[in-house]
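The values are calculated or read from the model by the stated rules, or taken from the named source; none is laboratory data. Just so it is clear, the model here is predicted, and its values are computed rather than measured. Glycine gets a Cβ as well: all are built from the backbone with ideal geometry, and neighbour counts include every protein chain shown. Note: accessible area is taken over every heavy atom of the protein model, side chains too, but ligands, DNA and RNA are not part of it. Shrake-Rupley method; radii C 1.70, N 1.55, O 1.52, S 1.80 Å.
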Amino acid sequence: MNSLSKTLMSITAFLALPAFADMTVITADKMIDVVSGKTIQAPAVFVEDGRIVSIGDARSVKWGKETKHINLQGKTLLPGLIDMHVHLDGPPDIGGYRGLGFTDSFWGMTAVGHASAMLDAGFTTVRNVGSSNYNDVGLKQAIDSGYARGPRIVPAAHALGATGGHCDETFFPPSFERKGIAVGDGPQELRRLVREQRKYGAEVIKVCATGGVFSRNTEPGQQQLSEDELRAIAEEAHQWGLKVAAHAHGADGIKAAIRAGIDTIEHASLVDKEGIKLALKHGTWFSMDIFNTDYTQAEGAKNGVLEDNLRKDREIAQLQRDNFRKSHKAGVKMVFGSDAGVMPHATVGGQFKVMVEYGMTPLQAIQAATINSSRALGRESDVGAIAVGRYADIIAVDGDPLANVRELESVDVVIKGGAVTFTRQ
């Protein structure tokens, strides 16, 4: 059944519905159907209890006086955006050893403002891939309970890693005895850590398969967990119904993670031809943060980032962008992941421009941040499209993002669960 047929069925279904006092209708000039890629004229999106119950044509469908009307005349509707790689408790302007000047609870306090900023930027769902002190779990609970405002959060809690690896505490001498909360060695210990993170609220498992840019004494290309260890993590997480995201810059680590059954590869900076072929074979998603280096190179030194970290950032930045182009051209499945926290959370919409510059059409970039990400999350019934049954998470812009994707750098209206949460003044 094509998209038009589904829309007509939705209209027919709505005509048989009574007017509910708590129903809302959202109308606009246009709507982008991210599934079909088509633009629909004069949409009327009907919402009840936070979910879409019907979609009709505003020029012909009628509704009662009891129905609340959100009139977005002159605007284009899109699904609320999804960022698959954020760090809400990571202030981007605090780098290197500057963080030692703040108390432990400081980071969780900053996450509240960052979540609000991402919602205002149009991102109604985010996957937080690693936090300290279970800050992402706590923030999700606060937002869901109405104590804070922000997007829907899929938390990973603490990221798993190897002793001395990217997800360990690598900035301290032995006398401090600092160790990452979810650091382990060997398949069995890492299986236990998967269970522990799930126990305390993780809805996705994050693992560091290779070295990283902003850790000390690791190089991005280094594989830091064996394929057996990665497979144990993937098997354990999948047994509990959780997906796994692997931080993996280096080619060998990427390939080991794919063979091990990891669901999404984060960064994928140094992926080689074999890695691309493996991703195609296994249906693995790539989440490549190809925008944030503009910020880190411009502001990193001022923020306290060490020169060695800036050196690694410079060395892989263009390679990652070139490999984004190669991976997309080859047909690798792509999602939108910004690594917000490395750069300001409010600016993540700037990545759409870079994704288009490196090979995507505007529609493909939008799909990466909507329907693709919902599929990678396993949340196709909830988010990622303006469709019956899904949450009424919707954004609106003045122009046509299919002609100029930079419209998404300054979203005009954000609706979450059928309620307007942000309007640009």
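Structural remarks
- Filter result (more than 20 Å from residue 268 (Cβ to Cβ) and acidic (Asp, Glu)) within segment 294-323: 299, 307, 308
- Qualifying positions in segment 205-236 - among the hydrophobic types (A, V, I, L, M, F, W, C) and surrounded by fewer than 24 Cβ atoms within 10 Å (Cβ to Cβ): 214, 232, 234
- Any hit, segment 221-230, residues being touching a His at 6+ places or on another chain (Cβ under 7 Å) and over 21 Å from residue 157 (Cβ atoms): yes
- Verdict on residue 159 being touching a Gly at 6+ places or on another chain (Cβ under 7 Å), under 21 Å from residue 376 (Cα atoms) and hydrophobic (A, V, I, L, M, F, W, C): yes
- Residue, least open to solvent (accessible area, probe 1.4 Å), within segment 164-179, restricted to residues that are among the small types (Gly, Ala, Ser) and out of contact with any strand residue (DSSP E or B) (no Cβ under 7 Å at 6 or more places or on another chain): 164
- Segment 223-236, residues that are out of contact with any Gly (no Cβ under 6 Å at 6 or more places or on another chain), assigned to a loop (DSSP other than H, G, I, E, B) and touching a residue at least 40 places away in the same chain (Cβ under 8 Å): 225
- Condition check for residue 274: surrounded by fewer than 24 Cβ atoms within 10 Å (Cβ to Cβ), acidic (Asp, Glu) and either modelled with pLDDT under 95 or farther than 21 Å from residue 214 by Cα (or both): yes
- The single condition among (1) open to solvent by less than 10 Å² (accessible area, probe 1.4 Å); (2) out of contact with any helix residue (DSSP H, G or I) (no Cβ under 9 Å at 6 or more places or on another chain) that residue 377 does not meet is (1).
- Count - residues of segment 107-123 that are open to solvent by 30 Å² or more (accessible area, probe 1.4 Å) and in contact with a Leu (Cβ under 8 Å, 6 or more places away or on another chain): 2
- Residue within segment 35-43 that is open to solvent by 40 Å² or more (accessible area, probe 1.4 Å), at negative phi and not in a strand (DSSP E or B) present: yes
- Annotation: residue 239 fulfils all but one of (1) farther than 24 Å from residue 126 by Cβ; (2) open to solvent by 10 Å² or more (accessible area, probe 1.4 Å); (3) touching a residue at least 12 places away in the same chain (Cβ under 8 Å); the unmet one is (3).
- Residue check for residue 368: open to solvent by 10 Å² or more (accessible area, probe 1.4 Å), free of Cβ contacts under 8 Å to residues at least 60 places away in the same chain and closer than 24 Å to residue 254 by Cα: no
- Scanning segment 277-290 finds one or more residues that are within 15 Å of residue 86 (Cα to Cα), in contact with a Lys or Arg (Cβ under 8 Å, 6 or more places away or on another chain) and not aliphatic (A, V, I, L, M).
- Lone unmet requirement of (1) within 27 Å of residue 383 (Cβ to Cβ); (2) of a type in the set (A, V, I, L, M, F, W, C); (3) more than 19 Å from the chain's Cα centre (by Cα) for residue 190: (1)
- Selected residue (criterion: surrounded by the most Cβ atoms within 10 Å (Cβ to Cβ)) from residues of segment 71-89 that are part of a loop (DSSP other than H, G, I, E, B) and out of contact with any His (no Cβ under 7 Å at 6 or more places or on another chain): 80
- Residue in segment 186-204 that is farthest from residue 154 (Cα to Cα), counting only those that are touching a residue at least 40 places away in the same chain (Cβ under 8 Å) and open to solvent by 70 Å² or more (accessible area, probe 1.4 Å): 188
- Any pair with Cβ under 7 angstrom, 6 or more apart, that starts in segment 273-287 at a residue that is in contact (Cβ under 8 Å) with a residue 12 or more places away in the chain and ends at one that is of a type outside the set (Lys, Arg) and surrounded by fewer than 14 Cβ atoms within 10 Å (Cβ to Cβ): 276/330; 280/330; 280/331
- Tallying residues that are open to solvent by 80 Å² or more (accessible area, probe 1.4 Å) and closer than 14 Å to residue 251 by Cβ within segment 310-331 yields 2.
- Within segment 308-319, not a single residue is farther than 22 Å from residue 275 by Cα, touching a helix residue (DSSP H, G or I) at 6+ places or on another chain (Cβ under 7 Å) and not in a helix (DSSP H, G or I).
- Close pairs (6 angstrom Cβ cut-off, 6 or more residues apart or separate chains): farther than 23 Å from residue 143 by Cβ in segment 402-425, open to solvent by 50 Å² or more (accessible area, probe 1.4 Å) and not hydrophobic (A, V, I, L, M, F, W, C) anywhere: 406/353
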